[in-house]
Structure formats: C-alpha cells, structure tokens
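Nothing in this text is a laboratory measurement; each read-out follows from the coordinates by a stated rule. No experiment lies behind these values; they were computed from the predicted model shown. Backbone-built Cβ (ideal geometry, glycine too); neighbour counts: all protein chains shown.
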Amino acid sequence: MALWPFGKKKEEVNETVAETPTADLQQETESSVPEALSSLGQVELEEDPSAGEPDPEHDAINGETGPFDAGSVNIQDFDFSDFSKGVLDLGSLQIPLPQNSEVQVEMGEQGPRMLHVVTQFGRITPVAFAAPTSAGQWRVATKEIAEGMRRDGLTVRVEHGPWGREVVGAANDRTIRIAGVDGPRWMLRMTMISPADRADDMRDLGREVIARTFVNRGDAPILAGSPLPVALPKQLAEQVQQAMAQRAAQAAATESAASTPAQSPDQGNSTNAE
C-alpha cells in the first residue's frame with residue numbers, strides 16, 4: 001500500500017462526504033494494552049535509532065499529506081473514495097474509515113470510554129490532544145510512552161516513521177505501535193494493535209489513516225495535554241444509549257435478584273396456591 005500520494009484533490013466540490021457507516025458496539029473489549037502484553041517480566045528499552053536527529057516538521061495546513069488542520073483545510077476538498085467507505089466525524093477528529101473496517105465503542109462504567117477502528121489487520125485507536133504553540137510535544141510524549149510500555153513488560157523499540165518517532169512494543173504474539181504528529185496547537189496520536197504476523201500490514205494501514213485524518217482544535221481554551229472533546233455521530237450515539245440502557249437494566253435485574261430472600265419449597269407452593 002503506497003502512502004504517497006493518496007486521494008486526488010478536487011478543484012471543485014460537487015458532493016458531500018459519505019455518511020458515517022453503521023457502527024458495531026461492544027460493551028466490553030480488551031484494554032488498550034492486552035493483558036497478555038503486561039504479563040511478562042520487565043525488559044530494557046532498546047536504543048532510539050533516531051536519537052539526536054531532528055524530527056521532520058509537519059505542515060498540517062499547506063502540506064501534501066495529513067494529518068490536516070481542519071480549521072484551515074476542508075476535508076470535502078479531497079477525494080478518499082479509493083481508500084475509504086465513509087468519514088467518521090467526531091467533531092475534533094474526522095477520520096476516513098478504511099474499506100472493510102468498522103467502528104467499535106469500548107464501554108466503561110460511566111459510558112463510552114474509547115473508540116476504535118477495527119480492520120482486517122488489527123485495530124486503530126485515534127486520540128487528539130490540545131498542545132501549546134511550540135513544537136516537540138510528540139517527541140516528549142514518546143519517552144513517557146516507551147517507559148510506560150517498559151513498566152508493563154513489553155519489549156520496546158523506537159522506529160523512525162513518516163512523521164518522526166513511532167514507539168513499538170511487543171510481547172508474545174502481539175504488537176502495539178503508537179505514532180504521533182504535532183499540529184497547530186494539537187497533537188494526534190494513533191495506537192495500532194495487531195497480531196505479530198500482521199504488524200507490518202497494520203503499520204502501513206495505520207499510516208494511511210493518519211495521512212487522511214483531520215484534526216479540529218477549535219477556539220475553546222483547553223489545557224495542554226488534555227484530550228480534545230469528541231461528539232459521536234447521531235446513529236452511533238443512539239446505539240451507545242441503547243447499550244447503556246441495556247446495561248442499566250441488567251444491573252438492576254441482578255441487584256433485584258440478589259436482594260430477594262430465598263424461599264423454601266413449602267413457602268413457594270403456598271404462595272403459588274394463593
């Protein structure tokens with residue numbers, strides 16, 4: 001899969017972006033780092049091959065590839081139909097979904113906790129953060145991410161990708177790759193998790209998604225380092241509400257059953273007879 005070039009830019013906008021496809025909800029999913037990856041002993045972080053090298057400066061406004069700044073670049077000016085089946089619009093993030101992918105919402109106790117794009121090679125978890133105007137936020141974040149993976153027992157290395165450093169952790173038959181890009185007052189982070197034998201395909205597809213993603217920082221004051229707020233599309237929000245209602249009903253039924261005193265067989269027959 002070639003990263004350069006991707007969708008051809010249109011001279012005139014004649015159609016709108018495709019509607020967000022139906023999303024599959026799942027109440028319980030595995031954590032961002034599978035338990036299998038955190039069950040091993042601690043290992044040392046491999047040397048960063050790009051240490052001392054300056055990170056490439058990404059132009060999110062005038063560059064030939066994304067991630068783009070949605071406040072300055074309109075996603076409708078691009079044709080991603082050769083790659084995507086539709087655009088997932090989360091307000092702060094606009095993500096063209098790869099062919100044969102689906103959206104999965106990870107539910108927590110208080111509602112949606114994380115959103116994933118599930119593909120044939122693995123899953124991609126996008127998150128955008130507020131950042132100061134100065135560059136270099138991702139470079140700092142990679143050190144913290146690598147140390148966190150190391151504490152969880154992963155074998156960690158740092159690779160040099162199209163936008164700079166990518167942190168790669170591995171254990172057993174799983175690979176987790178985290179890539180990030182600095183933009184105008186925002187930072188995009190993409191986490192890719194896959195079986196080890198599909199790691200290269202997941203890496204290539206994940207980079208293709210990053211290259212087509214748009215980030216909308218907005219004008220509201222947000223503390224640097226805080227995730228940008230997301231708004232679920234109507235169809236997806238309705239499915240999440242249904243899932244939450246079902247969970248509440250199941251919890252209420254379980255609590256009611258637990259609080260009902262057990263009856264003896266004679267008591268039960270007497271009640272039924274009456």
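List of remarks:
- Within-13-Å neighbourhood charge of A60 [Cβ basis; K, R +1; D, E -1]: -2
- Derived scalar couplings ³J(HN,Hα) [region 169-179; Karplus, 6.51 cos²θ - 1.76 cosθ + 1.60; whole Hz; x for Gly, Pro]: x, 9, 6, 6, 10, 10, 10, 10, 10, 10, 10
- Exposure proxy ranking for V127, V167, V156, based on other Cβ atoms within 10 angstrom of each Cβ and starting from the fewest, stands as V127, V156, V167.
- N172 paired with A220, simple spin-label distance in nm, labels 7 Å along Cα-to-beta-carbon: 3.9 nm
- Under the simplified labelling scheme, the A196-D82 pair shows an inter-label distance of 3.6 nm, with each label point 7 Å from Cα along Cα→Cβ.
- The amide H of G183, built 1.01 Å from its N in the peptide plane, has L188 as neighbours under 5 Å, considering only residues 5 or more places off or on other chains.
- Long-range HN-HN contacts of A135 with modeled amide H, under 5 Å: none
- Amide H within-cut-off set for F78, under 5 Å, with H built and near neighbours excluded: K10
- Estimated vicinal HN-Hα couplings, Hz - region 196-212 in sequence order (Karplus 6.51, -1.76, 1.60; Gly, Pro = x): 4, 6, 10, 4, 5, 5, 5, 4, 5, 5, x, 5, 5, 5, 4, 5, 10
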